[in-house]
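The next block holds one structure in the form of structure tokens; read it before the comments.
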Amino acid sequence: MDTNITTIDMLPNDVLLEIFSYLCPKELSSSVVRVCRKWHDIGHHPSLWKEINFGVYSKDKLSQYVSVVQLHPSIRSIVCDQADEQFLDNVVTICPNLRKLVVSFIVDMPSYTMERLVAACPNIEFLDFSDTEQWSWNFQYHPIIYLQQLKTLKLINCNEVPSSFISKLTSMCRHLECLHLNCKSVPQEVIHDLLLILKPKLKDLFIKCEKLDTTMKNIIHDCQKLEKLGIKVMMGPINMQLSHLCTHQVQLKELNLSSCSERLLPPEVTGRVFQGTTFPNVVHLFYKEVSGNDLLAEDIIVEFPHLEKLSLFVCTRMTNAGLTNIIEKCIHLQELNVNSCRHITSDCFQLQLEPGRHDIHVEFVISAFNVQCELGHLTSRSQCIFCSSSWRDSPNFDGRELKS
């Protein structure tokens, strides 16, 4: 027998720990810790259990969730979907070192549960309830203001965020660097006051509001540390006087624009939102339900010289010609998402690109048929794989190669 053979159980603990660090908590708990006593102990090392994603919450597994967090008090990040008050009461509140909480709820959350959360986890820095639309009780939000270390707060889809909460947020949470907020039922003056206080530190701002008035545009214009900016306007067009808004945003890398009423504008309104303003550092543009025909495509090409990712959702006036122009001339483009743009078809992807271009991942979704497919990507040899069958016939697409 060869005594020089090295087996995995002979590896030092620190090497095994490094190997296990590439596994998620689910893999650790279902496999690693059950192998042997040594792996059990290493698999429960605190450094491996700083972040945990519970996935979709199940009441039947509540006792398992509790056991996991009791074994690992060092957990600093929890993610859970469709949770309820029992999850917060029994799981989250026994994680004293928690810094990040991302949870969506399916029911209204009693205020005493939020109070318990804040009392048990006072050092939370990242709080994301973005996927929650059910809340309606105004006083649910107020305990959040006592999280003195809070830097990220995301409530973009939460309904009925009260003015009183936003006013107190202004005075209590001055460390906020990221704010996603649904302000559609909040007076404009209250939003102005909030942004005026936070603008020196804001790096990520996403607001949903009734309209984008001049005062708010001027305030956002002065948020010179912004790296991500999202604006969703519920009433009125977003394309009026928007270009000057980002003139000084030299740090801006991601821009997200959406307007629920923009598509109702008359055809003569071209929607040239970006004309006359250059965004040299923006690499991701997300554009939804905003008016814009093929002239908009020309502006995107000129004003976003380093664009890497473009998402177009419900841009009902752009045609194949406009999108083809973008694909050909945005030479840094690596990812393209087209969703529910009724004048754009897969025909616009039948083109040849210059050699040396980046790989491009294309995703095309037709909402009317609920079909999503991979239309293609450019390989390093500048070959393009696109679907050859009609999306009207089948969601199962056959690939073929087109040489540039």
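The values are calculated or read from the model by the stated rules, or taken from the named source; none is laboratory data. Since the structure is predicted, the reported quantities are computational estimates derived from the model, not experimental observations. Please note: Cβ atoms are built from the backbone with ideal geometry, for glycine as well, and neighbour counts cover all protein chains shown. What goes into the accessible areas is simple: the full protein's heavy atoms, side chains included, and nothing from ligands, DNA or RNA. Shrake-Rupley method; radii C 1.70, N 1.55, O 1.52, S 1.80 Å.
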- Message: Against the definition (basic (Lys, Arg), surrounded by fewer than 21 Cβ atoms within 10 Å (Cβ to Cβ) and more than 24 Å from MET234 (Cα to Cα)), how does LYS201 come out, yes or no?
- Response: yes
- Return the residue satisfying two criteria in turn: it lies in the range 74-91 and is modelled with pLDDT under 90 and more than 15 Å from GLY55 (Cβ to Cβ), and of such residues it is nearest to the chain's Cα centre (by Cα). LEU88
- Could you list, in sequence order, the residues of the range 110-131 that are within 20 Å of the chain's Cα centre (by Cα) and either over 16 Å from PHE87 (Cβ atoms) or open to solvent by less than 10 Å² (accessible area, probe 1.4 Å) (or both)? ILE124, GLU125, PHE126, LEU127, PHE129, SER130
- Message: Among (1) within 26 Å of the chain's Cα centre (by Cα); (2) in a helix (DSSP H, G or I); (3) modelled with pLDDT under 85, there is one condition LEU23 misses while meeting the rest; what is its number?
- Response: (2)
- In the range 8-20, anything more than 20 Å from SER74 (Cβ to Cβ) and either open to solvent by less than 60 Å² (accessible area, probe 1.4 Å) or at pLDDT 85 or above (or both) is listed as LEU11, PRO12, VAL15
- Residue pairs meeting the criteria (Cβ under 8 Å; at least 6 apart or on separate chains; first assigned to a loop (DSSP other than H, G, I, E, B), in the range 215-226; second open to solvent by 10 Å² or more (accessible area, probe 1.4 Å) and acidic (Asp, Glu)): LEU226/ASP204
- Message: Can you report the number of residues in the range 141-154 which are closer than 26 Å to SER258 by Cβ and either open to solvent by 80 Å² or more (accessible area, probe 1.4 Å) or at pLDDT below 85 (or both)?
- Response: 2
- Query: Somewhere in the range 197-205, is a residue basic (Lys, Arg), closer than 19 Å to PHE279 by Cβ, at pLDDT 80 or above and part of a strand (DSSP E or B)?
  - Reply: no
